[in-house]
Amino acid sequence: MTKKLSLYFIRHGQTYLNKYERMQGWSDAPLTPEGLENVKASGRGLADVEFIAAYSSDLQRTVATANAMLKENKHAYGLELEQRPEFRETFFGSFEGMKGDEAWRTIAAERGLATAQELLDQSTVPQILNATRAADPADDAEDFEMFWSRVEKGFLDIINRHRSIGGNVFIVAHGVTISNIIHELDPSVTQRSSLDNASVSILSYENGLFKAEKVNDTSHFKFE
């Protein structure tokens, strides 16, 4: 019997590319002042949670988010942040930095759809990522298999590291990355809404089973 492992997935704080509604996968803009304030508020809300390990992707928006949140934690002294490239956001290829509405219309057309909303309403995430790669003239964007194979590798490594001990694990990553981990491992989560910046989603692992305990939670934010 394994001890309960609780994975606290946090989406990074708002960046300037988020603010300007531009595509941001491996592109890496800094946090906005508002983004940093929300990150700190999220960190204060988790201040009493004792984490056994801390991870982030290797993109600077997640590293900055993780460091700011851990500074607010009462138990984080001596806890070292490990950066994992496996937890990067999906790579949008030549769509990186484009206005989101323009990019998503192009990707939607690849599936014979007219708008970004139709794309989201009528497509699975694998279909969206596969269409993104197909629509990318540079052929650089990740399709779903490319994306999920690297994310799954990093995720399974963390599970194998900590499942025999149990406890709380802190992971700062990205919207598509976190959403896919949750939806792939807990099929009961059917709603596919986007995640808010600095939100927390908790995925537990116990006796070989995964369960989403919270998704896109911001109720814990504490502002000074």
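The values are calculated or read from the model by the stated rules, or taken from the named source; none is laboratory data. The model shown is predicted, which means the values in this text are computed figures rather than measured ones. Neighbour counts are summed over all protein chains in view; Cβ atoms, including those assigned to glycine, are modelled from backbone coordinates with ideal geometry.
Hey, among 103, 114, 134, which residue is crowded, with 19+ Cβ neighbours inside 10 Å and outside the structural domain of residue 19 (by TED's automatic domain parsing)?
Working: 114 fails: crowded, with 19+ Cβ neighbours inside 10 Å; 134 fails: crowded, with 19+ Cβ neighbours inside 10 Å.
Only one candidate qualifies: 103.
Given the condition within 23 Å of residue 31 (Cβ to Cβ) and touching a residue at least 60 places away in the same chain (Cβ under 8 Å), answer yes or no: does some residue in segment 125-143 qualify? Within segment 125-143, not a single residue is within 23 Å of residue 31 (Cβ to Cβ) and touching a residue at least 60 places away in the same chain (Cβ under 8 Å).
Condition check: in the same structural domain as residue 178 (by TED's automatic domain parsing), more than 16 Å from residue 177 (Cβ to Cβ) and among the small types (Gly, Ala, Ser). Does residue 78 satisfy that? Let's see the steps before the verdict.
Details: in the same structural domain as residue 178 (by TED's automatic domain parsing): yes; more than 16 Å from residue 177 (Cβ to Cβ): yes; among the small types (Gly, Ala, Ser): yes.
Taking the combined requirement at face value, the residue satisfies it.
Among the candidates 154, 175, 167, single out the residue that is on the phi > 0 side of the Ramachandran plot and touching a residue at least 40 places away in the same chain (Cβ under 8 Å). Reasoning before the result, please.
Details: 154 fails: on the phi > 0 side of the Ramachandran plot; 175 fails: on the phi > 0 side of the Ramachandran plot.
Result of the check over 154, 175, 167: 167.
Name the single residue, out of those in segment 77-98 being hydrophobic (A, V, I, L, M, F, W, C) and in contact with a Gly (Cβ under 7 Å, 6 or more places away or on another chain), that is farthest from residue 136 (Cα to Cα). Out of the qualifying residues, it is 87. With respect to the conditions (1) farther than 30 Å from residue 135 by Cβ; (2) touching a helix residue (DSSP H, G or I) at 6+ places or on another chain (Cβ under 6 Å); (3) without any contact (Cβ under 8 Å) to a residue 24 or more places away in the chain, residue 67 lacks only one, and its number is (2). Looking across segment 1-39, just one residue is without any contact (Cβ under 8 Å) to a residue 40 or more places away in the chain and buried (at least 21 other Cβ atoms within 10 Å of the Cβ), and that is 31.
For segment 133-141, indicate whether the set of residues that are in contact with a Lys or Arg (Cβ under 9 Å, 6 or more places away or on another chain) and modelled with pLDDT under 95 is non-empty. No, because not a single residue in segment 133-141 is in contact with a Lys or Arg (Cβ under 9 Å, 6 or more places away or on another chain) and modelled with pLDDT under 95. Taking the conditions (1) within 18 Å of residue 180 (Cβ to Cβ); (2) among the hydroxyl-bearing types (Ser, Thr, Tyr); (3) at pLDDT 95 or above in turn, residue 124 satisfies each one other than (3).
Note on segment 137-160: residues that are loosely packed, with under 14 Cβ neighbours inside 10 Å and either under 25 Å from residue 55 (Cβ atoms) or not charged (D, E, K, R) (or both) total 8.
Taking each residue of segment 179-200 that is in the same structural domain as residue 169 (by TED's automatic domain parsing) and on the phi < 0 side of the Ramachandran plot and looking for partners that are of a type in the set (Ser, Thr, Tyr) and assigned to a loop (DSSP other than H, G, I, E, B) with beta-carbon atoms closer than 8 Å, six or more apart or interchain, yields 179/194; 196/218; 199/218; 200/218.
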